[in-house]
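Readers should treat all values here as calculations from the given coordinates under stated rules, not as data from a laboratory. Note that the coordinates shown come from a computational prediction; the quantities given were computed from them, not determined experimentally. A quick note on method: Cβ atoms are made from the backbone with ideal geometry, for glycine too, and the neighbour counts reach across all protein chains shown.
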Amino acid sequence: MNQTYIQQLRTALRQHPVIQARAAGVASLTNEQRLAKNQLLPTLDMKAAVAQDFGSGPVNLEDTETKVALQFSYPLGNRKAKAKLSKADAELAASKLELNLAEQKLRQEFEQAVVQWEQSQRVAQLQQQNTKVKEELSWLEQQRFEKGDSDLFKLNARASQVMNARLKNVEAVINAMYAELSLHWVAARLGEV
């Protein structure tokens, strides 16, 4: 796993199905809000009808007949439309909050897993360097012991430090693998949010 893969997961997170579904809900509620606002606006309806009689008959029926109707209305104190608008506003605000909450929850859970993975990688690298240093010190102590500059107690202490460092190195590598698995698990189960 590398930073490119993490960035791909972040991009996929923005296009997560839960986020897209909630965003579609917000868009739908926005349209309902616009419709409720339109019901409070004045209306102007125009209707035109054209008719022509077929066949033969009296002279007055042979011409084309045209009717035009115009209707204007202005709602005054329309409680039902105002209530619909208030309801649409409230539902839209709630839906936007749910969308933001879902986005934040997804992002927070994912970023937390990324930070844990990065830290475990750093700890594993540091522990590996520590093991190398302990092995080098043990080797130098062995050289001093062979020359007679050291005693068996110091040699055994260095060997013990090497074993402890190796065990901690293995533990750090296991923790790094566990953090990577946790990151994959979080990325895989993001659909359950």
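Mean-square fluctuations from a GNM of the chain, with a 10 angstrom spring cutoff on Cα atoms, peak among 163, 177, 46 at 46.
Toward the positive end of the charge dipole of the chain, with +1 on the Cβ of Lys and Arg and -1 on the Cβ of Asp and Glu, the farthest Cα among 75, 100, 175 is that of 175.
Electrostatic bookkeeping for residue 120 treats Lys and Arg as +1 and Asp and Glu as -1; over the other residues with beta carbon under 14 Å from its beta carbon, the sum is -1. Under the convention that each Lys and Arg Cβ holds +1 and each Asp and Glu Cβ holds -1, the size of the dipole of the chain around its Cα centre is about 620 debye. Applying a DSSP loop filter and a limit of 13 other Cβ atoms within 10 Å to the GluC sites (Glu not before Pro) in segment 96-179 leaves nothing.
Taking the chain as the region of interest, the number of lysine pairs whose Cα atoms are within less than 28 Å, with members eight or more places apart or on different chains, is 22. Counting Lys and Arg as +1 and Asp and Glu as -1 over every other residue whose Cβ lies under 11 Å from the Cβ of residue 173, the net charge comes to 0. Within the shell defined by Cβ-Cβ distances under 9 Å, the residues around residue 49 carry a net charge of +1, with Lys and Arg each +1 and Asp and Glu each -1.
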